[in-house]
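Visitor: Submitted below is the structure of interest, expressed as structure tokens.
The values are calculated or read from the model by the stated rules, or taken from the named source; none is laboratory data. In this text, all values refer to a predicted model and were calculated from it rather than measured experimentally. Backbone-built Cβ (ideal geometry, glycine too); neighbour counts: all protein chains shown. Note: areas computed on protein heavy atoms with side chains; ligands, DNA, RNA excluded. Shrake-Rupley method; radii C 1.70, N 1.55, O 1.52, S 1.80 Å.
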Amino acid sequence: MSEFHLAQVNIAKMLEPIDSPVMEGFVNNLDRINAIAENSPGYVWRLKGDENNATALRVFEDYFLIINMSVWESKEALFNFTYASQHAGVLRRKKEWFHNLSEMHICLWYVEKGSMPTPEEAQKRLQYLKDHGETPYAFSFKGKYTLEEAKNYNPEN
């Protein structure tokens, strides 16, 4: 059993305010999809506010940017939830609710087991990925970095 888990952040830019009719289909699926995540093998934690989701949390200056963060036991567990559960059907509809972001908006990194990343840490990792490309410090699903590589990587170099 690993002493580390995998954290993920993804951001999305809403087409309209969260309480608008345009966003209704997204909002109506939040509780169901979050329940699927929480009951998925390998799920550890997710960021949430008073509404049991993270949509009301203001992490960015842009009101239309929303954040999703979670921690998983492994990249495989996160991948299976993202692409092999009912989440995939909602994901296919994202253009109904969100702008297509041209820059990197998903980031993965390793965290010590038992620690929960902060939105500030997530912003830092995502910015690092945008600035430096994939490294063991910050990567996407395509990144094949091992935990050992991440432990030995110094983002200051």
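Visitor: Keeping to the range 54-100, report how many residues are open to solvent by less than 20 Å² (accessible area, probe 1.4 Å) and among the small types (Gly, Ala, Ser).
Guide: 4
Visitor: Moving on to the next point. Just to be sure I understand the filter: pairs with C-beta atoms under 9 Å, separated by 6 or more residues or on different chains, first member in the range 87-106 and under 24 Å from residue 119 (Cα atoms), second member open to solvent by 90 Å² or more (accessible area, probe 1.4 Å) and assigned to a loop (DSSP other than H, G, I, E, B). Which pairs pass?
Guide: 94/100
Visitor: For residue 108, which of the numbered conditions (1) surrounded by 12 or more Cβ atoms within 10 Å (Cβ to Cβ); (2) closer than 20 Å to residue 131 by Cα; (3) more than 12 Å from the chain's Cα centre (by Cα) fails to hold?
Guide: It is condition (3) that residue 108 fails.
Visitor: Which one is most open to solvent (accessible area, probe 1.4 Å), of the residues in the range 1-49 that are of a type outside the set (A, V, I, L, M, F, W, C), touching a residue at least 40 places away in the same chain (Cβ under 8 Å) and in a helix (DSSP H, G or I)?
Guide: It comes out as 32.
Visitor: Tally up the residues in the range 123-141 that are part of a helix (DSSP H, G or I) and crowded, with 16+ Cβ neighbours inside 10 Å, please.
Guide: Adding up the residues that qualify gives 6.
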